[in-house]
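First comes the structure, then the notes that go with it.
The values are calculated or read from the model by the stated rules, or taken from the named source; none is laboratory data. Note that this is a predicted model, so its numbers are computed, not measured. Here the Cβ positions follow ideal geometry from the backbone for every residue, glycine too, while neighbour counts run over all protein chains shown.
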Protein chains: 2
Amino acid sequence: MSTPTNTVHNFNAGPSILPKSVFEQASAAVLNFNNSGLSILELGHRTAAFTAVMEEARALVKELMQLNNNYEVLFLHGGASTQFMQVPMNLLDSKERAAYTDTDIWGYKAIKEAKLFGGVDVVCSSRDKNYSFIPKDFAVPNDAKYLHITTNNTIYGTQWQQIPFCSNSLVADMSSDIFSRVLDFNRFDLIYAGAQKNMGPAGVNLVIVNKNILGKTKRIIPTMMDYRNHINEASMLNTPPVFAVYVCLLTLRWLKNIGGIAAVEKLNIEKANLLYNAIDESDLFVGTAVKEDRSKMNVCFVMNDNSREDDFLQFAKSKGIVGIKGHRTTGGFRASIYNAMPISSVQVLVDAIKAFK
Amino acid sequence: MSTPTNTVHNFNAGPSILPKSVFEQASAAVLNFNNSGLSILELGHRTAAFTAVMEEARALVKELMQLNNNYEVLFLHGGASTQFMQVPMNLLDSKERAAYTDTDIWGYKAIKEAKLFGGVDVVCSSRDKNYSFIPKDFAVPNDAKYLHITTNNTIYGTQWQQIPFCSNSLVADMSSDIFSRVLDFNRFDLIYAGAQKNMGPAGVNLVIVNKNILGKTKRIIPTMMDYRNHINEASMLNTPPVFAVYVCLLTLRWLKNIGGIAAVEKLNIEKANLLYNAIDESDLFVGTAVKEDRSKMNVCFVMNDNSREDDFLQFAKSKGIVGIKGHRTTGGFRASIYNAMPISSVQVLVDAIKAFK
């Protein structure tokens, strides 16, 4: 069997790096889960062994995020794109209105889906500035059923540094910065996140919901779309994505072991500062997001002379750096430095930025 | 790292056994995919490496099933339960009617969802006989938009031996017998299957659709629910369940290598005959499904003296047999003998049946 080399530094935006120990444990479980003689891939989801995995994962989310008992934790099929539809389907009646912030492609897509289910007020937008900043001055209508934000924007490298204060219900897509920084998560009524950044492999969706907000619409919701059905079945309404949930559990355990969200936030700040400083001090590279709104997860930058970007990609590749090509819609570079990214790998990129002539 | 023991015979109904070589390759790829130095779990889905996986998997499905060029192959998030909603959402207008067969719990659930989207005619049912047989005499209204069948019934151990002939569009849930027997798959307009029986791990859904039947409803379909959007993006509308798709590919390659569907069908018949004969020859055990409708995938049986069932479970366990407890709604026993189940494991169960006093 091949073993991982230490020479690859994976800055992919997602699916993305996870802790090496998680890969090792996951790999072993595909052969023999907990010494059962069975692969995790052939483990029945109703077995005691898997029920324990699901329950530990759900409990760890509550513990790490310090959620109160109003919250239910679900691991659902699909990605955040599924939630763009599922959130308004559960929360918004056709004659009601919801407030959405348009701060990146994902928020924009969420708006499009919400409009299929009710009225939408787009309360702010940075779309005409290529989503390079997070709008600060906006008002949320009192009658908005909820305010939807996308806390971190993978493509453009911005992040809400302050969670907006409003009296409305708060709904957040945290796909790309969940578990990366301390927030008062109890301020949100619904949080969702595709797993494939800070949590696990693609193919599972974390949904955290204040159960008190559910059951208030008149809409008839298909069985698989109704959060209440999943809550009633302890996140096992149908066969869950067993392996993906297990890898999430491994990552959550790792996070707890290194000290939880506060500890990883400290490391994330250190990594982001290291990389942004190198970009700011360089004559060749320039960051694309407004400084005060810069993401600590996705560092986006371009070259003053963009004809040299392919050269830098090649140079970086020669140092073992992969995944820094910017999103197909933006060009330039994007270095994703999620929780599992070691500072030593960030240093390799920083050295490359400094060494490139 | 632990290695799998050879002493466990896994008769779980799903998630269920996959070929041992698939587990080995999947385990290796979690550490180092194709010698890239990256885990398959951290591989970006837009990389050339993963696009190749997706395209090979889609092409192999078409090849193994000998599908003509009207068909599109999609690997979608979710399980068959998601398709219960997605099928009528795409195919059935609110004033149209569809025909459904009620031959097991899954068909029953599919009926419930379809009723949310249009009219449903239940054209046959074996519900009042505990789903122990497949109805033969029924008529499908000419105006039914489609006829829906569940080709194999995991819980009750029945299987459609003949695919009903009708002039309507044919839609089939093949979750538990896909790739297990030769059929004229081009007779179906839509086939769907949760992966976790004959194809891969839980967390991905195979949808095979005749593209000519799409786009005929007036309903506005949410982006993630519209098959056409997935077709247009080559099954990469959003981040797909990368690992689950990869394991499906490994299983499809394995199937092709052993000779394809015709070859595995021969083995499946041999395994089923071996086990059913042992049950029929026994004085203690009795099969629950009507003989002519018996499933070659899920063999359901009880004991004449049901007070002894726990003893048999213990006895079987001592032989390394796991997963034969019947579904929580039926009791008794269920031995699932999917494509990857070796005949040697079936023999161990047969020996246990013969040896038990």
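Observations
- Number of the exception - B:Tyr192 against (1) among the aromatic types (Phe, Trp, Tyr); (2) within 14 Å of chain A (Cβ to nearest Cβ); (3) over 29 Å from A:Val247 (Cα atoms): (3)
- The residue of segment B:7-47 that is modelled with the highest pLDDT, among those that are closer than 30 Å to B:Phe301 by Cα and of a type in the set (Ser, Thr, Tyr), is B:Ser16.
- Residue identified as within 14 Å of chain B (Cβ to nearest Cβ), under 25 Å from A:Tyr108 (Cα atoms) and crowded, with 19+ Cβ neighbours inside 10 Å among A:Met199, A:Met174: A:Met199
- Selection over segment A:48-92 of residues that are surrounded by fewer than 18 Cβ atoms within 10 Å (Cβ to Cβ) and either on the phi > 0 side of the Ramachandran plot or not in a helix (DSSP H, G or I) (or both) gives a count of 4.
- Condition met for A:Tyr100 (aromatic (Phe, Trp, Tyr), without any contact (Cβ under 8 Å) to a residue 24 or more places away in the chain and touching a strand residue (DSSP E or B) at 6+ places or on another chain (Cβ under 7 Å)): no
- Qualifying residue in segment B:299-307 (condition: over 27 Å from B:Gly194 (Cβ atoms), among the aliphatic types (A, V, I, L, M) and crowded, with 16+ Cβ neighbours inside 10 Å): yes
- The lone criterion from (1) touching a Lys or Arg at 6+ places or on another chain (Cβ under 7 Å); (2) in contact (Cβ under 8 Å) with a residue 60 or more places away in the chain; (3) within 16 Å of B:Asn90 (Cα to Cα) left unmet by B:Thr217 is number (1).
- Search result, residues across segment B:212-233 that are touching a strand residue (DSSP E or B) at 6+ places or on another chain (Cβ under 9 Å) and within 30 Å of B:Leu18 (Cβ to Cβ): B:Met224, B:Tyr227, B:His230, B:Ile231
Conditions (1) among the aliphatic types (A, V, I, L, M); (2) closer than 20 Å to A:Lys20 by Cβ; (3) under 19 Å from the mean Cα position of the chain (by Cα), marked per residue:
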| position | (1), (2), (3) |
| --- | --- |
| A:Ile258 | yes, yes, no |
| A:Glu270 | no, yes, no |
| A:Ser282 | no, no, no |
| A:Phe285 | no, no, no |
| A:Asn304 | no, no, no |
| A:Arg308 | no, no, no |
| A:Asp311 | no, no, no |
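- Hits in segment A:147-161 (condition: in contact with an Asp or Glu (Cβ under 7 Å, 6 or more places away or on another chain), in contact (Cβ under 8 Å) with a residue 60 or more places away in the chain and not in a loop (DSSP other than H, G, I, E, B)): A:Asn152, A:Asn153, A:Thr158, A:Gln159
- Any pair with Cβ under 6 angstrom, 6 or more apart, that starts in segment B:296-317 at a residue that is closer than 26 Å to B:Tyr338 by Cβ and ends at one that is part of a helix (DSSP H, G or I) and aliphatic (A, V, I, L, M): B:Lys296/B:Ala272; B:Val299/B:Leu275; B:Phe301/B:Ile279; B:Ala316/B:Ala352
- Of the residues making up segment B:51-71, those that are closer than 18 Å to B:Leu250 by Cα and away from chain A (no Cβ under 14 Å) are B:Ala52, B:Glu55, B:Glu56, B:Ala57, B:Arg58, B:Ala59, B:Leu60, B:Val61, B:Lys62, B:Glu63, B:Leu64, B:Met65.
- Hits in segment A:209-234 - residues which are exposed (fewer than 14 other Cβ atoms within 10 Å of the Cβ) and facing chain B (nearest Cβ under 10 Å): A:Ile220
- Of all residues in segment B:6-50, exactly one satisfies the criterion of being more than 7 Å from chain A (Cβ to nearest Cβ), within 30 Å of B:Asp351 (Cα to Cα) and among the hydroxyl-bearing types (Ser, Thr, Tyr), namely B:Ser21.
- The residue that is surrounded by the most Cβ atoms within 10 Å (Cβ to Cβ), counting only those in segment B:93-117 that are more than 13 Å from chain A (Cβ to nearest Cβ) and not in a strand (DSSP E or B), is B:Thr103.
- The set of residues from segment B:262-286 being assigned to a strand (DSSP E or B) and surrounded by 18 or more Cβ atoms within 10 Å (Cβ to Cβ) comprises just one member, B:Phe285.
- The listed residues are B:Ile155, B:Ile149, and the only one of them that is surrounded by 15 or more Cβ atoms within 10 Å (Cβ to Cβ), assigned by TED's automatic domain parsing to the domain that holds B:Ala80 and at pLDDT below 95 turns out to be B:Ile155.
- Output for segment B:327-338, where each listed residue is farther than 15 Å from B:Leu275 by Cβ, buried (at least 17 other Cβ atoms within 10 Å of the Cβ) and within 13 Å of another protein chain (Cβ to nearest Cβ): B:His327
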